[in-house]
1. Nearest-5 percent of antiparallel DSSP beta bridges in chain A?
2. Taking the Cα centre of the protein assembly as shown as origin, work out the dipole magnitude from +1 charges on Lys and Arg Cβ and -1 charges on Asp and Glu Cβ, in debye rounded to 20.
3. Restricting the count to DSSP beta bridges whose residues both fall in the protein assembly as shown, what percent are antiparallel, rounded to a multiple of 5?
4. How high is the relative contact order of the range A:73-202, in percent, counting Cα pairs under 8 Å that sit 6 or more residues apart?
5. Measure out, as a whole number of angstrom, how far apart the alpha-carbon centroids of the range A:86-126 and the range B:112-143 sit.
6. Among A:Val102, A:Pro134, A:Ala73, whose Cα sits farthest toward the positive end of the charge dipole of the range A:47-167 (+1 at Cβ of Lys/Arg, -1 at Cβ of Asp/Glu, about the Cα centre)?
7. Can you give the FRET efficiency for A:Gln24 and B:Asp200, using 1/(1 + (r/R0)^6), R0 = 51 Å, r = Cβ-Cβ distance, to the nearest 0.05?
8. Once the Cα atoms of helix A:13-26 and of chain A are each reduced to a long axis, what angle between those two axes, in degrees from 0 to 90 to the nearest 10, is obtained?
Amino acid sequence: MADTRILCVEPDESTRAAVIDELQTNLAALDPVFEARGSLTAAETVLEARAVDCLITEYDLPDGTGVELIDRARTLSPDAGGILFTTASYDTIDTTGFETTVTEYLAKDAPQAIERLAQVVRTTVTRRSQTSYPLPRDEPDRIAALRTYEFDAEGLRHSLERLTDLAARHFDLSGAEVNVIEKHRQETLSAHGAAATRESTDRDASICTFTILEDDGVLVVEDVHDDPRFEARGHEFEARGVRSYLGAPLVSSTGFVIGTVCIYAEEPRTFSQADEAFLQDVATVAMDLIEVHSHLAHQAAPPTATEPDDAGGDT
Amino acid sequence: MREATLDMSPQRSIPLNEIPPGTTLFVAGAAVDKARALALSLLFAGSTADDPLLLTTIETPSEALLTQCDRLHSNVEFTRVAVIDCTDQPPEDSRFDAHIESLGTPGDLTGLGITFSIMHEHLSEAGSTRVLTGVFTVSTLLEHADLRPTIRFLQTAAGRLEGTAGIGLFVLDPSAHDDRTVSTLQQVCDGWLAVREAADGTDELRVSGLSNQPEEWTPFTMPE
C-alpha cells in the first residue's frame, strides 16, 4: 500500500495532466500515488473512499471552491495538507465560513511555479505540517518502532482486554482502552465499555495523541469542556462517553512511545497521584504483554516486510 | 539558496549563538514588550542588509511596529520589510517604505495563511532567498482563534520556513494562557527563547530546545 497519496483537483484536463506529470518527476523519491479529478464532487468521492496526504486544488471549481473542498477533505482526512494552486488572486478568494481551514497557497502563474509546488508538497507530506496537533519530535522513528510489533499476535488482544477490564473495575469507570498511535489514526487494541466496538479514531480527534507528547508523565483531562486542546470538540468527546480522561504512555523497550493506556468517565472528575501511578503500572504491564506476544509471534514467523501504512485504511 | 542564519555575533549585548536555518522559535515573556523588542532585535541585528523580513502583526499597528524597528535599529532599509497587518487600525499613509498588507481581522486564519504564503513567496523570490519572519503576537492570535486551528496555522508557516531554510520567531506571552496551552505550543516550534526581568531589573534570557544556546538565565542588554 502506498505511503503517500496526493489528490490533484483541476478543472482543465490538460493542465491537470501536466501538473501530475511534472510532480511525478519532481517527487519520485516519495513514490506517491496520484489521483486526479476535475470537480469538488468528484474529489469528494475519492476522499470518501480513502485518506489522502495532500490535496492540491484550483480555487475556482465548477461546483464550488478549493477552500470549500479543503475544508470538506479535513472532515474525512483531518491530517491532509491543503494547497491552493491557483490563478485566483487573494482578493478574489472568499474565506467566509472557512476561517479556520488553513491552507498553503501558490500562484499558478508564478515563476518556477511547478518546482515550488513540488517543494511545498514535499514539506507538507514529509513534515506533516498541516496537522492541528503537534507531533512528537521523534515521530518517524516512533512510527518505525511501533511497526516492529505484532499487534495481532495470538492471545495479545485477549490479554489486553482483561487488563482494560481490570483497570475500569479498579477505577470504577465506564471506559478503559489500550491504543497505539499510528501515523494518522489511533488504533484500539482493547477496550472496556462503549469503545469496545470501536476499532480506530482519527488522530485529530484523539486525546491520546496528546498523551504521547507528555515527556515522562501522564495526561490528565478533568473536563474536556474546560481544556483548550479539546473544548472546541467537547460535545463530540462527550458523545463518546469521554468527559474526563487519564492516559499513560506505552513506552517500548527501545524508548519510543507507541501508544497509551487510558481510562475515562462520563462526568468531570479529578485523578489522584495514586491513580496516575496505578495507570502507569497498567501501561507497563500492557507494554510487557505487547513485547512478549510480539516476540513469540516473531519466533514463530519472522517478519518479512514492513507493515502497511494506516493511511487509506478505514477512513 | 542562501540559507537564513541568525548570527548574533555582531550584537554582543544579546548572548545567543547562531540560530540555524529552518529554525522556528517562540520568543516568550510575560513582559511581552521586551519579548517583542528582543524578537525585532534578533530579526534586524541578526540579518544582513539584503535579507527580506516578513512581520505579521496582530496586536501592534504596523506603523507603530515599524516605528519601533526604526528606533531599535538605525539605518533600517524598509524596502526589504513587508508587514501583514491584522489589527483593526489599518495604516493610511505610512512614513516607511515597507510593503504593508492590511487584513483587518486576525480571526480569519485561512486568509492570514494565504496572505503569509503569498508575501513569503514574493519576498523569497520563489523560495530562492531566505526570509526572516516574526509573528507579533501569538497570544493576540489566540484571543481571536481556538488553539487547534492556531496550531495548524503555526505549523503550516513553520513548514514553509523549514522548507525554504528561513527563520521564524513567534512572540508569546505565556502568562496570558494556561499551562496546557503553553506546553502544547512548546511542541510546535523547534525552540523556546524565554525572556524575563530579574528582581534587580536586569533583562535575562534562556533557550530550550536548541543546542549551543544558553540554557540558564543569562543577562542581556536590549539594544537602545
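Computed from the coordinates by the stated procedures, all read-outs in this text should not be read as laboratory data. Everything numeric here is computed off the predicted structure, so don't read it as measured data. Don't worry about glycine lacking a Cβ; one is built from the backbone with ideal geometry, like all the others, and counts go over all protein chains shown.
1. Details: 28 of 45 bridges.
In chain A, approximately 60 percent of DSSP beta bridges are antiparallel ones.
2. Rounded to the nearest 20 debye, it is 660 debye.
3. 45
4. Result for the range A:73-202 is 17 percent.
5. What the calculation gives is 13 Å, centre to centre.
6. It is A:Pro134.
7. My answer for the efficiency is 0.25.
8. 60
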